[in-house]
Amino acid sequence: MVPKVVFGEGSFDQLPSILATQRQEKAPFIFLIDDVFKDNKAFLDRITLRFNDKLLFIPTEEEPRTAQVDSLVQDIKAEFTKNPSGIIGIGGGTVMDLAKAVSIMLTNPGSAADYQGWDLVVEKAVYHVGIPTISGTGAEVSRTTVLTGPVRKLGINSDYTPFDQVILDPELTQGVSKNQWFFTGMDCFIHCVESLNGTFLNAFSQSYGEKAYDLCKEIFLEDNLAESESRAKLMMASWHGGMSIAYSQVGVAHALSYGLGYVLGIKHGVGNCITFQFLEEFYPKDVALFKEMVKKHNIEIPQGVCKNLTDEQMDLMIEVAMSMIPLWENALGADWEKVITRDKLKALYQKM
């Protein structure tokens, strides 16, 4: 679990005092920041740089790649003789995942691609802090960092992945576009659905999943929340949804979405929404609720994304989805291969 968390409007301003206790001599703090903040002087002025601290702006059009992690680690090691005092990620799920991956790879040899999988990390990561500026991914609390590698899209799932400190400041999520708010919020909703309907469910993950599920329904289906209250509640839904899957697993929508992400580069939240609308067979009640939310907020989900796929692309997409064994086991149990065949996945992708 994340050992330390601060929550509340304006809590971002506690960052300098939090970092002061972790600073080591001649070892910088490296800030990985979503490049949407690049020209936001008022925001950047709130980050107090000292000594040889460094800001790195991260483009987020594409989701994080193992090669990108390796490149960042190489640059940091080339510039500084000592490992950093810490890595601070400020942004959405892409930046959160990069911060976690970079902190791991600064202390572990080889490429980030070598650690895609479960419990492959040997050495403790560099101290790392997560500060989400959008809510829904659960990346701020999860024990994985999802990366697109040379062979697959898969997380570095390990006990060393979670942040050492998280700052949850709902003020930072102001200004997120409506579409992004919805797609990322639905990532959280789908986390809850897949956790609560999965075979890995236990009382621990259930308690978090149910809370996040109820918050999502309140935020996306009711009209009685002030904007500031909605921001705070979605931030907590993201946290609880992330906690729920940390102690169980995701399911069908995520397995299919990884295929879309790897082959077509479709962003995670959007990919989940594309896949989820066709999963009545697995989650009938929740797909109906999801469609209600889409209609209420007048959201257009991309259609026809798979219609011009080559046979090779379709095969690769199926390959990536089929390889998500823990996700299928959670969704359908140990005998999942009796239900999920290549033909079944092809039929689902053809609907998209």
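The values are calculated or read from the model by the stated rules, or taken from the named source; none is laboratory data. All values derive from a computational prediction rather than experimental measurement. Cβ sites come from the backbone with ideal geometry, for glycine too, and all protein chains shown count toward neighbours. These area figures cover heavy atoms from the full protein model, side chains too; ligands, DNA and RNA do not enter into them. Shrake-Rupley method; radii C 1.70, N 1.55, O 1.52, S 1.80 Å.
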Practice item. Find how much the distance from LYS38 to THR341 grows on full extension, using 0.36 nm per residue of separation minus their present alpha carbon separation; answer in nm with one decimal. Key: 104.5 nm
Review point. What residue among SER111, SER238, SER177 has the largest mean-square fluctuation in a Gaussian network model of the chain, using Cα springs under 10 Å?
Key: SER177
Check your understanding: Which whole-number percentage describes the relative contact order of segment 226-352, with Cα contacts under 8 Å and a sequence gap of 6 or more?
Key -> 34 percent
Point to revise | Distance in nm between pseudo-label sites at LYS77 and HIS297 (7 Å out along the Cβ direction from Cα) | key: 4.1 nm
Study note, to complete from the structure: Across segment 56-204, qualifying lysine pairs (alpha carbons under 28 Å, at least 8 places apart or different chains) come out at 10
Study note, to complete from the structure: Computed from every Cα-Cα pair in segment 111-189, P(r) in 5 Å bins starting at 0 and rounded to whole percents is 3, 15, 19, 21, 18, 14, 8, 2, 0
**Study point:** segment 231-296: equivalent-ellipsoid semi-axes (sqrt of 5 x gyration tensor eigenvalues, Cα, Å)
**Key:** 19, 17, 13
Revision key, fill the gap. Proximal lysine pairs in segment 1-64, meaning Cα under 24 Å and 8 or more positions apart or interchain, come to 4
Review point. Taking the alpha-carbon set of segment 60-159, what are its Rg and Dmax in Å?
Key: 12.4, 37
**Study point:** Of LYS211/LYS285; LYS291/LYS338; LYS211/LYS346, those spanning more than 24 Å from alpha-carbon to alpha-carbon
**Key:** LYS291/LYS338; LYS211/LYS346
Exercise for review: Please give the calculated 222 nm ellipticity per residue for the chain, where each DSSP H segment of at least 4 residues contributes -39500 (n - 2.57) and the sum is spread over every residue; nearest 500 deg cm²/dmol?
Suggested key: -14000 deg cm²/dmol
Revision key, fill the gap. When the chain is treated as a Gaussian network with springs between alpha carbons less than 10 Å apart, the largest mean-square fluctuation among PHE278, PHE163, PHE204 is found at PHE204
Practice item. Any chance you could check the Cα centroid distance between segment 290-352 and segment 136-211 for me, in angstrom? Key: 19 Å
Study note, to complete from the structure: Once normalised by the length of the chain, the mean sequence separation of its alpha carbon contacts under 8 Å that are 6 or more apart gives a contact order in percent of 15 percent
Practice item. Using a 1.4 angstrom probe on heavy atoms only, work out the carbon and sulfur share of the accessible area of the chain in %. Key: 50 percent
Check your understanding: At each listed q (0.13, 0.27 Å⁻¹), what is the log10 of I(q)/I(0) that the Debye formula gives for segment 48-105 modelled as equal alpha-carbon point scatterers?
Key -> -0.32, -1.32
Check your understanding: Hey, rough spin-label estimate for LYS54 and GLN24, points 7 angstrom out along Cα→Cβ, what's it come to in nanometres?
Key -> 1.6 nm
Practice item. For the chain, report the accessible area per residue in Å² (1.4 Å probe, heavy atoms, rounded to an integer). Key: 43 Å²
Revision key, fill the gap. Highest GNM mean-square fluctuation among ASP70, ASP335, ASP169, for the chain with Cα springs under 10 Å, belongs to ASP335
Check your understanding: Which percent of Cα-Cα pairs in segment 2-85 sits in each 5 Å bin, short to long?
Key -> 3, 11, 19, 21, 21, 19, 5, 0
Exercise for review: Would you mind getting the Kirkwood hydrodynamic radius of the chain from its Cα pairs, rounded to one decimal in Å?
Suggested key: 20.5 Å
